[in-house]
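All remarks here apply to the structure that follows.
The values are calculated or read from the model by the stated rules, or taken from the named source; none is laboratory data. Here the structure is a predicted model, which is why all the values come from computation and not from measurement. Here Cβ is always computed from backbone atoms with ideal geometry, including for glycine, and neighbour counts include all displayed protein chains.
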């Protein structure tokens, strides 16, 4: 009878389980690998992480002397309705003395090790329509910037500027590390 050996390296096993559980907790798995209930959990988890990141960005802008609000609907900013839903501005920041208004799209990206993982995660920021006909994250953000830029006087009223501001679109990522 042949003897078989199985080696278990405790630290490697511990790291693997911690990584797996952390990924489940954060909802950090491609949706195709998850069943419907887990996809819903992952979506809620990612939403919560995203809201927390927006709060951090807004807080940091306030620390830098800007006024900032989180998750401002375009309809609230411009005080008018539109034929489509443009969604929310993740962080709206303004600095009276500069006459600048920043529309910030905040994305809490996960640490990735290889180029393919980074590319997979940033693929939704091309400024294009997805195969299902819906805009990706970048195109939605650019549409919000375009709409706000078309109504600078309404933006000035909202942020209490005396004249039309310079409206800028910005993307803010939590972490991007390259190998």
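Could you tell me which residue of the range 71-81 is surrounded by the fewest Cβ atoms within 10 Å (Cβ to Cβ), considering only residues that are in contact (Cβ under 8 Å) with a residue 12 or more places away in the chain and closer than 19 Å to residue 137 by Cα?
Per the criteria, the residue is 73.
Being surrounded by 13 or more Cβ atoms within 10 Å (Cβ to Cβ) and modelled with pLDDT under 90: is that true of residue 96 here?
Considered against the rule, which asks whether it is surrounded by 13 or more Cβ atoms within 10 Å (Cβ to Cβ) and modelled with pLDDT under 90, residue 96 comes out as yes.
Can you tell me which residues in the range 127-174 are within 16 Å of residue 84 (Cβ to Cβ) and more than 23 Å from the chain's Cα centre (by Cα)?
Listed by number, the residues that qualify are 150, 151.
Which condition from (1) crowded, with 16+ Cβ neighbours inside 10 Å; (2) modelled with pLDDT of 90 or more; (3) out of contact with any helix residue (DSSP H, G or I) (no Cβ under 7 Å at 6 or more places or on another chain) is the one that residue 153 breaks?
So residue 153 meets the others, but not (1).
Given the conditions (1) in a loop (DSSP other than H, G, I, E, B); (2) modelled with pLDDT under 85, and given that residue 131 satisfies all but one, which numbered condition is not satisfied?
Going through the list (1) in a loop (DSSP other than H, G, I, E, B); (2) modelled with pLDDT under 85, residue 131 breaks only (2).
Do you know which residues across the range 128-150 are exposed (fewer than 12 other Cβ atoms within 10 Å of the Cβ) and over 25 Å from residue 66 (Cα atoms)?
129, 131, 132, 133, 134, listed by residue number.
Would you confirm whether any residue within the range 57-67 is at pLDDT 85 or above, in contact with a helix residue (DSSP H, G or I) (Cβ under 8 Å, 6 or more places away or on another chain) and closer than 27 Å to residue 148 by Cα?
yes
Need pairs with beta-carbon distance below 7 Å; first residue over 28 Å from residue 67 (Cβ atoms) and within the range 99-127, second at pLDDT 70 or above and assigned to a strand (DSSP E or B); sequence gap 6+ or separate chains.
So the pair list comes out empty.
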